[in-house]
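Just below is one structure, and these are the notes that go with it.
Please treat every number below as a calculation from the coordinates, not as lab data. Only a predicted model underlies this, so the values are computations on that prediction, with no experimental measurement involved. Backbone-built Cβ (ideal geometry, glycine too); neighbour counts: all protein chains shown.
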Amino acid sequence: MITISKLFEEYFELVSYSQASHTIVTKKSIYNKHIKPRFSSFDINDLKYKDFQLFVNDLLKSGLRPKTVKNIKDLLQVVYKTALKLEYTDKNPLVLVDLPRFDNKIHFNYPLEYQEKFIKAILSFDEPIYSEIFFFLLHGRRLSEVLSLEWSMIDLSQQIYFIPAKINKAKRSMQYKMTKHLHSVLNKRFYDLIMKDEIPSGYVFKSPKTGTKFVDLRKPWKRLLKKANLPHCRIHDIRHLVATYSINHLEIPIEKVSHTLGHTSIEVTQKYITANPETAKDVIESLIDSVIKN
C-alpha cells in the first residue's frame, strides 16, 4: 500500500536536487496545508476522479482563489505522474479534474503618475543592501533569483550575469547584459568586500544578521513605501510594474519585455523570437532613464 503521505515523501526526496529549494519549500507548504489533512492516509489507488473533483470544489467553496486551487491540483497531478513513473499506479485521476476558467492576468493598476513614483522611490531608497536588492528587482528579476544569486554567476568584466536553471522559475539557464547602473552597483559591492579583506564568494546579498541568505524583506520594503508615501504593494509587484510601465508607457515591444522578465513564451506565434542578451539591458536602461529625466 502506497499512501498519499508516502508518495509525497518519495516525491520530495526525488526532486531534492533537481528543483530549487524555495520551490520545494512552497510545495511542502501546499501539501501540509491543503492536501495532507484530506488525503494523507489514503491509498493512492483507492482515490478516484470523484474524490479529487469534490476536493477541488470544496477548496473553491472555501474562498480560495481559482489560481491557488489550480496550483494545489497541479501539484497533486505532478505527484501522481511520479507514481506512474515508479509504477505504483497505472492511472492519474487528476487529469480528469475540471477547474473554472479564470483570468490569470496580473496588472499593476496604479496610474502612470504612481508608477513613476514607485520607480523613483526604488532608485532613491538609501538603506544599504536593501536599496541594492530592490534596484536589482527593478531589472525584472524575481526576488528568489536575486537572493539566490552568487558571485560565481556574475562576470563584471563582461558586464553579464547568469540566472541558472536551478534558481529560476523557467527551469532553464538565462544570461543578461547588465545595465550601466547595475554594473556600478555590483562593482561597488565587489570592491567594498575586497577593501574589507573579504573574498567575494557565495551569495551576493547576505543578511547582515545571519551572514547568509535573506529570508524575508517585507519590513524594509514597507519602510520604502512609507518613506515615499506610497500605497501598499508586494515586492513581487515590482515585476508587474516593470512590465506595465515598459509596455504601456514606453511602448517597448512585448517580446522584449517578455525576455526581460525571463518568460519562456508569450504566445504560440511568438515562440520563434530569438532572445538577445542585450535586450534586458536596453529595456531597463530605457525605464530608468525615462524617470531620471523627469
Please get the size of the charge dipole for the stretch 4-96, origin at its Cα centre, with Cβ charges of +1 on Lys and Arg and -1 on Asp and Glu, quoted in debye to the nearest 20. 500
Cα-Cα pairs above 34 Å in the chain: how many percent? 32
The long-range amide H neighbours of residue 150, using H built 1.01 Å from N in the peptide plane and a cut-off of under 5 Å, are 204
Using +1 at the Cβ of each Lys and Arg and -1 at the Cβ of each Asp and Glu in the chain, identify which of 93, 258, 135 lies farthest towards the dipole's positive end. 93
Could you work out how much longer the chain between residue 290 and residue 1 gets when fully extended? Use 0.36 nm per residue separation minus the Cα distance between them, nm to one decimal. 97.8 nm
Farthest positive-ward along the chain dipole, Cα basis, beta-carbon charges - from 111, 47, 121: 47
So for the stretch 36-87, taking the charge dipole from beta-carbon charges (+1 Lys/Arg, -1 Asp/Glu), which of 56, 84, 37 sits furthest toward the positive end? 56
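If packing is taken as the mean number of other Cβ atoms within 10 Å per residue, what is the order of 237-248, 51-62, 136-147, highest first? If you can, show how the numbers build up before the last one.
Working: 237-248: 20.2, 51-62: 15.4, 136-147: 22.6.
Ranked by mean Cβ neighbours within 10 Å, highest first: 136-147, 237-248, 51-62.
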In nm, give the distance between the simple-model label positions of residue 60 and residue 10, each being 7 Å from the Cα along the Cα-to-Cβ direction. 3.2
Restricting attention to the alpha-carbon atoms of the stretch 4-96, what are Rg (one decimal) and Dmax (integer), both in Å? 12.7, 36
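Assigning unit charges at the beta carbon (Lys, Arg +1; Asp, Glu -1) and nothing else, what dipole magnitude in debye, to the nearest 20, does the chain show about its Cα centre? The partial results should precede the final answer.
Working: 46 positive and 32 negative charges, 151 e Å.
Once rounded to the nearest 20, the dipole reads 720 debye.
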Provide the gained length on full extension for the span residue 165 to residue 254, in nm with one decimal, where the gain is 0.36 nm per separating residue minus the Cα-Cα distance. 29.7 nm
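Once fully extended, how much extra length lies between residue 99 and residue 81, figured as 0.36 nm per residue of separation less the alpha-carbon to alpha-carbon distance?
4.6 nm
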